1. Applying the selection to the stretch 183-196, what residues are under 17 Å from L248 (Cβ atoms) and assigned to a helix (DSSP H, G or I)?
2. Among the residues that make up the stretch 105-112, is at least one of them in contact with a Leu (Cβ under 8 Å, 6 or more places away or on another chain) and surrounded by 15 or more Cβ atoms within 10 Å (Cβ to Cβ)?
3. Answer yes if at least one residue in the stretch 104-115 is over 25 Å from L207 (Cβ atoms) and assigned to a helix (DSSP H, G or I), and no otherwise.
4. Report yes if some residue within the stretch 204-218 is buried (at least 22 other Cβ atoms within 10 Å of the Cβ), in a helix (DSSP H, G or I) and either among the acidic types (D, E) or modelled with pLDDT under 80 (or both); otherwise report no.
5. Out of all the residues in the stretch 233-244, which are open to solvent by 20 Å² or more (accessible area, probe 1.4 Å) and in a helix (DSSP H, G or I)?
6. For the subset of the stretch 181-191 comprising residues that are farther than 18 Å from I238 by Cα and hydrophobic (A, V, I, L, M, F, W, C), which member is least open to solvent (accessible area, probe 1.4 Å)?
7. Checking L11 against (1) open to solvent by 40 Å² or more (accessible area, probe 1.4 Å); (2) farther than 13 Å from Q126 by Cα, which single condition isn't satisfied?
8. Name the residues in the stretch 69-82 that are open to solvent by less than 100 Å² (accessible area, probe 1.4 Å) and either on the phi > 0 side of the Ramachandran plot or modelled with pLDDT under 80 (or both), would you?
Amino acid sequence: MNLNLTKLTFLTLMIYSTLMSISSSNWLSMWMGLELNLFSIIPILNFKSSIYSIEATMKYFLIQAFASILLLIFLINKNFFFFINSNFMIIMPLLMKLSLMPFHLWLPSMMEGLNWIACLLMMTWQKISPLIMISYLNTNKNLIFLFTLISMNSIFGLNQNSMRKILAMSSINNSTWMLFAIVLNNKLWMNYFLIYSMLNFLMIKILNNYNINYINQLKFFNLNFFFKLNMLMLIFSIMGLPPMIGFLMKWMLIKNLIYNNMYMIMMMLIMLTILNLFFYIKMSYFMLFNFNLFNKWFLQFKKNNYNFFLFMNFFSLFFSYLIFY
């Protein structure tokens, strides 16, 4: 069996299944797209097979299959439910697929067993279909207010030591922001998602190249000063600190929430995101202050491919301000 051809087949199928879900005109076709996506992602999670990845894949399959069965039952029996707004019943399995509160605890333990590329897919591509399906439903502001409770997951990341679990918690928190973005405005969500995916890609590329799996490995991350600086900028960017591109995506959503008079939701989102800052600051603390030794000649004659991204990350807000205002 040609493994490269197999990889290509499953990746194509995964892309096709997502496109099928988001472009369908009826809910049954969307459900079929989700199922196809589930069957195509399982071999992708196991490309570098180990006992941990098999366990993670099994967890993923069971949870996604359960959510799919629930979704199908609610879609078929939509008329029989006597709820005032039966859309809530359809959103529940989609929240389960997105791994949002209160169905979120499977994601960190599952991602612990995966390789970094599979983690990237879980945090970015796999969120597209359920989010767009939620955007098709008529959601009122009361329902949106319930979503704010989703952000409570930040508390679970405070005592984590594994980089994968921290990124999973960060992904759940950002998914909450994306949920509000897509309910308010599709274009806003697209901008948020693209920036978030780019930041995740850059972060995971560095972690993958240097084989960093736990926070305390960052203590000895002294190979290249510019890499360290870039990593720090990326951490600040995902935190959403103002000069970085990561702040731009949150700023856009905050402005939209203000225009829609959703002040309470905005305050809750911002306050609960502050909890997330704690474990990012913990990461940057290990990088900056522990065993921070480097020679002066590290600063000279170093050609680095990441300098452009570093520049874009830091000055993006300045450029966007010039363009839009």
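The values are calculated or read from the model by the stated rules, or taken from the named source; none is laboratory data. Only a predicted model underlies this, so the values are computations on that prediction, with no experimental measurement involved. All Cβ positions, even for glycine, are placed from backbone atoms using ideal geometry, and neighbour counts span all protein chains on display. Calculation scope for accessible area: heavy atoms of the full protein, side chains included, ligands and nucleic acids excluded. Shrake-Rupley method; radii C 1.70, N 1.55, O 1.52, S 1.80 Å.
1. Listed by number, the residues that qualify are L184, K187, L188, W189, M190, N191, Y192, F193, L194, I195, Y196.
2. Step one: filter the stretch 105-112 for residues in contact with a Leu (Cβ under 8 Å, 6 or more places away or on another chain), giving 111.
From the residues that got through so far, the ones that are surrounded by 15 or more Cβ atoms within 10 Å (Cβ to Cβ) too are 111.
For the stretch 105-112, residues in contact with a Leu (Cβ under 8 Å, 6 or more places away or on another chain) and surrounded by 15 or more Cβ atoms within 10 Å (Cβ to Cβ): present.
3. Checked against the condition, which is being over 25 Å from L207 (Cβ atoms) and assigned to a helix (DSSP H, G or I), the stretch 104-115 yields no hits at all.
4. yes
5. Pass one, the stretch 233-244, residues open to solvent by 20 Å² or more (accessible area, probe 1.4 Å): 233, 236, 241-243.
Hits for the stretch 233-244 are M233, F236.
6. That would be I182.
7. It fails just one condition, (2).
8. Those that are open to solvent by less than 100 Å² (accessible area, probe 1.4 Å) and either on the phi > 0 side of the Ramachandran plot or modelled with pLDDT under 80 (or both): N77, K78, F81.
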